[in-house]
Amino acid sequence: MSSAMAETLAFADSAMVRIDDLVQEGRTDELRALYQTTTLEYDRVVKVGQGLYEQGRFEERRADLRRRLVEVRENLELLIMEMTFTNREVLRLRLEAHQLEHVPSCDTSASLPWRTTMKVVGGIEEEIRIFEKEMRGLNEAAQTAVESLLDVFDKLLEASDCMELTEDFTAPLVADGEDIPIRAVAELGTGDCEDVHIFRQSLFHWDGKDRHELPSITRCVERIVGGANHTLLLTSTTDGEHELWCSGDNGKGQLGGTPSCEDTAVFRRMHVEHPDLSGWRVKNVAAAWETSYIVFSDGSRDAVLAMGSNERSMLGHQGSDGVHLVDLSALSSGEDIIVQDIVAGPMHVVALIQMPSKDCTLAVGWGTARHGQLGEPTQKVRDRPRLISALPENNPITSVALGNQHTVLGHTDGRVTALGSSRVGQLAGLASQSDISSVHCTWNGTYIIPASDKSLVLSTGKNNKGQLGRATEDSLAPSLSPVMFPPAFARKTITQMTCGSEHVVLLTGDDEVWGWGWNEHGNIGSGDMDDVPLPTPLWTSDGGKTARGVWAGCGTTFIVVEQC
């Protein structure tokens with residue numbers, strides 16, 4: 001293990017002990033300082049740990065070594081064939097041209113080029129072995145160091161709850177955080193990078209112009225998903241096709257192409273190609289923190305294309321960032337797969353799949369798994385799709401919702417399977433419910449609508465920003481309780497509900513939009529940045545534009561409207 005990684009482990013061990021002392025003494029300022037120091041240490045480990053975070057360089061160098069090996073072996077046969085009629089000087093020049101070792105002047109036998117070239121072959125093979133051993137060691141050391149720092153972050157968060165601080169002093173990392181910082185990079189598609197506190201029309205670029213409406217061929221918007229700083233919008237068209245639009249940050253290649261492609265401040269058609277998907281059509285989309293997923297179909301089978309960041313193996317493999325076809329073949333034994341749905345949290349993904357030989361829907365997942373959000377936490381990261389085990393038999397899965405550290409699967413009998421962390425009560429009370437129509441998740445909360453009452457929402461989890469929709473001063477409310485709607489909401493029916501990172505938006509049967517929760521970026525659309533602890537109306541059809549759909553992302557809210 002490198003000295004840098006050893007230093008990190010020593011730092012983590014010391015921090016774990018120090019947290020206990022600071023909590024006992026009530027020294028919150030020093031806890032805040034320790035959190036910042038831990039964040040800096042994490043950033044340093046990320047840069048040093050090339051085996052985890054710069055796999056591309058590793059693969060490139062290994063491929064180069066193997067190319068050299070092939071070239072030398074190909075030249076070997078030619079050299080031996082020429083020995084019978086080539087004099088020593090010509091041979092020496094040829095060997096030097098191929099950068100092989102110098103031939104000793106005392107030996108002119110035909111075995112010389114063979115021995116010399118084989119030494120070069122052996123040297124390159126040994127170089128590959130040593131290089132791969134070093135990279136494996138770096139990879140394992142970096143993984144251990146990162147996991148030790150994540151344990152420190154977890155303990156800091158527990159300290160925050162234990163001391164009942166009015167505000168979290170932490171701003172945890174993407175890997176397992178609570179309140180991940182969000183910066184605006186034009187993911188709203190409004191033409192600039194500014195936060196918007198009242199609803200503004202997004203812009204769509206087509207036929208050479210930025211316009212406030214989608215093309216006339218658009219039939220409806222089917223789904224809008226968002227990551228840290230990017231948004232994907234899926235539409236269906238009047239000719240039965242789907243179109244995919246994108247806006248925001250492309251720093252990791254999450255909008256397709258290469259990371260060098262420019263970000264976009266307006267929505268543009270997203271053209272993604274893969275040699276194995278020629279002629280396939282877009283079917284569905286999902287978005288994680290800096291990774292995007294597109295489900296393609298050829299009419300009888302589906303495939304998932306992932307693009308962007310591969311941190312925590314979010315692309316479904318161990319390699320570098322980029323565009324990657326997620327390998328689902330190990331799950332199907334060669335059978336065709338239908339992807340019924342795909343949903344992503346910040347750092348884990350779950351897909352619902354069907355196969356001809358299975359009379360049910362299966363749930364598979366990959367990404368961060370350390371809290372059990374993908375089933376039994378035997379691995380802290382799942383680097384490829386794996387079946388989520390321990391699900392009830394004879395109770396088909398109908399839906400899935402993801403938080404940051406938890407997963408909730410809906411079943412046909414109105415019950416749910418809840419997986420992962422419940423440290424802030426995000427799974428409290430779910431096991432006792434048997435009348436669930438739909439389930440939704442913020443990063444740290446869970447929300448259900450009963451089948452028997454479509455005007456009621458029950459919520460549980462973290463409430464430090466009013467995201468549970470009920471008046472309470474407690475930052476932690478680990479009980480499943482009703483959202484407190486005002487009298488004006490009486491007898492309304494909820495037709496669509498969506499959860500953002502820490503805010504909730506819903507659409508009613510009379511085309512009204514209501515919302516509540518975290519509002520730091522103006523994502524509630526209330527005209528300011530104050531959090532909204534109770535449900536409040538955000539949109540009515542009085543202005544001549546009727547709401548037809550609502551979607552929420554990481555500090556963003558979208559309302560699809562139709563001109564009356």
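Computed from the coordinates by the stated procedures, all read-outs in this text should not be read as laboratory data. The structure displayed is predicted, hence computed values, not measured ones. Cβ placement follows ideal geometry from the backbone for every residue including glycine, while neighbour counts extend to all protein chains displayed.
Note on Thr540 and Asp435: their simple-model spin labels are 3.1 nm apart, each label 7 Å out from Cα toward Cβ. The listed peptides 294-300, 406-412, 498-504, ordered by packing as a protection proxy, come out as 498-504, 406-412, 294-300 (highest mean of other Cβ atoms within 10 Å first). In a fully extended conformation the segment linking Asp195 and Ser357 would gain 53.4 nm over its present Cα-Cα distance, using 0.36 nm per residue. Distance between the modelled labels on Ala488 and Asp453, one decimal in nanometres: 2.2 nm (7 Å Cα→Cβ projection). Using R0 = 30 Å, the C-beta based FRET efficiency linking Gln318 and Ser14 works out to 0.45. Placing a pseudo-label 7 Å from each Cα along the Cα-to-Cβ vector at Asp239 and Ala33 gives an inter-label distance of 6.6 nm.
If the chain between Ser216 and Ser389 were fully stretched, how many nm would it gain, using 0.36 nm times the residue separation less the Cα-Cα distance? Value of the extension gain: 57.8 nm.
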